[in-house]
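Notes to accompany the following structure.
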Amino acid sequence: MLELGPSARELHIGLRDAIDEAGVDLIFACGPNMEHLFTILEPDRRAAWAPSSEGLMDQLLDAVRPGDAVMIKGSLGSRMALLVEALKGWFSA
């Protein structure tokens, strides 16, 4: 959602309803737009926030267990593929 312009803050905050409806347990968020969402989540759902995807790597790998369902979502510019590849490597080892 890097290309959302002035609506970015409100659109990211608006993700809270979908997260609640889906029953998501933990949120790992990165970037300034996702920080707006992260700060309004219940503390027990806030796994980690970092300025970039690289900053989430260690916390994500420490938290995810075999059998967990993981959804990774972000614009191409947010470089979420780094986290996908890290998880694939971690669980295929």
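The values are calculated or read from the model by the stated rules, or taken from the named source; none is laboratory data. None of these values were measured; they are calculated from a predicted model. Positions of Cβ are generated from backbone atoms using ideal geometry, with glycine treated the same way; all protein chains shown enter the neighbour counts.
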Which condition does Arg79 not pass, out of (1) modelled with pLDDT of 95 or more; (2) surrounded by 11 or more Cβ atoms within 10 Å (Cβ to Cβ), if it passes all the others?
(1)
List every residue pair whose Cβ atoms lie under 7 Å apart, where the two residues are 6 or more positions apart in sequence or sit on different chains, the first residue falls within region 71-93 and is without any contact (Cβ under 8 Å) to a residue 24 or more places away in the chain and closer than 22 Å to Asp25 by Cβ, and the second residue, located anywhere, is among the basic types (Lys, Arg) and assigned to a helix (DSSP H, G or I).
none
Going through region 1-56 one residue at a time, which ones are touching a His at 6+ places or on another chain (Cβ under 9 Å), among the charged types (D, E, K, R) and under 30 Å from Gly67 (Cβ atoms)?
Glu35
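Conditions (1) assigned to a loop (DSSP other than H, G, I, E, B); (2) at pLDDT 95 or above; (3) within 13 Å of the chain's Cα centre (by Cα), marked per residue:
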site: Glu3; (1), (2), (3): yes, no, no
site: Arg9; (1), (2), (3): no, no, no
site: Glu21; (1), (2), (3): no, yes, no
site: Met34; (1), (2), (3): no, no, yes
site: Trp49; (1), (2), (3): no, yes, yes
site: Pro66; (1), (2), (3): yes, no, no
site: Lys73; (1), (2), (3): yes, no, yes
site: Glu85; (1), (2), (3): no, yes, no
site: Trp90; (1), (2), (3): no, no, no
Within region 1-54, the residues that are in contact (Cβ under 8 Å) with a residue 24 or more places away in the chain, more than 16 Å from Gly74 (Cα to Cα) and either among the acidic types (Asp, Glu) or surrounded by 18 or more Cβ atoms within 10 Å (Cβ to Cβ) (or both) are Leu41
Search result, residues across region 34-61 that are out of contact with any strand residue (DSSP E or B) (no Cβ under 8 Å at 6 or more places or on another chain) and either within 14 Å of Val84 (Cα to Cα) or hydrophobic (A, V, I, L, M, F, W, C) (or both):
Ile40, Glu54, Met57, Asp58, Leu61
